[in-house]
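Have a look at the structure below, then the notes.
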Amino acid sequence: MKIITLNRIISSDEGVLGLLHINGKPISVTVERPWKDNLAWESCIPFGLYPLIRLKSSKAFNYPHYLLEGVPRRTFIKIHVANYPSELHGCIGVGSYFANGAIAVSKSRKAMDHVMWALDRHEKLALNIRSEYFNPYSGEAPDKLEPSNNTLGE
């Protein structure tokens, strides 16, 4: 299983900015809603390790994207196109670069194409959400991830 890492690097009342990478190599920047105690539709999700499932499309999005599984008390958390936290309901938006002077990302559709290209090269994936900048998951990837999210000990 390949571990993809999202390092959250800026957090404010407006939202959260991060960097999505594979083995320390950036594949996109990210935007999320601010932390609000994991409140559905309003909060980013807790730190942890989540299996990723590729979707060809969904009811909400008519393009390929990824679904996170095992998020505590949450469902339908996805990685998808979004430029601002207000365009998200607990999901993760991807961008090509951070917007100047705002909690936002730019060129999200282009970034989504790149993310899909980078992630589609791997058969089994998991997303490790961390708070440290460029500190990839150091352990061996388990063959099977359980939804308990205690894999990282955080």
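With springs only between Cα atoms under 10 Å apart, run a GNM on the chain and tell me which of Asn23, Asn100, Asn38 wobbles the most.
Asn100
In nm, to one decimal, how far is the Tyr97 label point from the Asn38 one, both placed 7 Å along Cα→Cβ?
Between Tyr97 and Asn38, the simple spin-label model gives 3.7 nm.
Give the share of C-alpha pairs in each 10 angstrom bin for the range 40-94, from 0 to the last occupied bin, in whole percents, shortest bins first.
Calculated over all Cα pairs of the range 40-94, the distribution is 25, 58, 17 percent.
Could you report the accessible area of Tyr97 in Å², rounded to 10, computed with a 1.4 Å probe on the protein chains as they sit in the structure?
110
Given a Förster distance of 41 angstrom, what is the FRET efficiency for Glu87 paired with Arg121, based on the Cβ-Cβ distance and rounded to 0.05?
In this case the efficiency is close to 0.90.
If I histogram all Cα-Cα distances within the range 1-53 using bins 10 Å wide from 0, what percent of pairs lands in each bin?
24, 51, 24, 1
Over 24 Å between Cα atoms, which of Lys36/Lys110; Lys25/Lys59; Lys36/Lys59; Lys56/Lys78; Lys36/Lys56 qualify?
Pairs exceeding 24 Å: Lys36/Lys110; Lys25/Lys59; Lys36/Lys59; Lys36/Lys56.
Find the Rg to Rh ratio for the chain, where Rh is the Kirkwood radius over alpha-carbon pairs and Rg uses the same atoms.
For the chain, the value is 0.92.
What is the extension gain from Ser106 to Phe47, computed as 0.36 nm multiplied by their sequence separation minus the C-alpha to C-alpha distance, in nm to one decimal?
18.8 nm
The values are calculated or read from the model by the stated rules, or taken from the named source; none is laboratory data. Remember, predicted model here, so these are calculated numbers, not experimental data. For neighbour counting, all protein chains shown are included, and Cβ atoms are generated from backbone atoms with ideal geometry for every residue, glycine included. When the accessible area is computed, the model is the full protein with side chains, heavy atoms only, and any ligands, DNA or RNA have been set aside. Shrake-Rupley method; radii C 1.70, N 1.55, O 1.52, S 1.80 Å.
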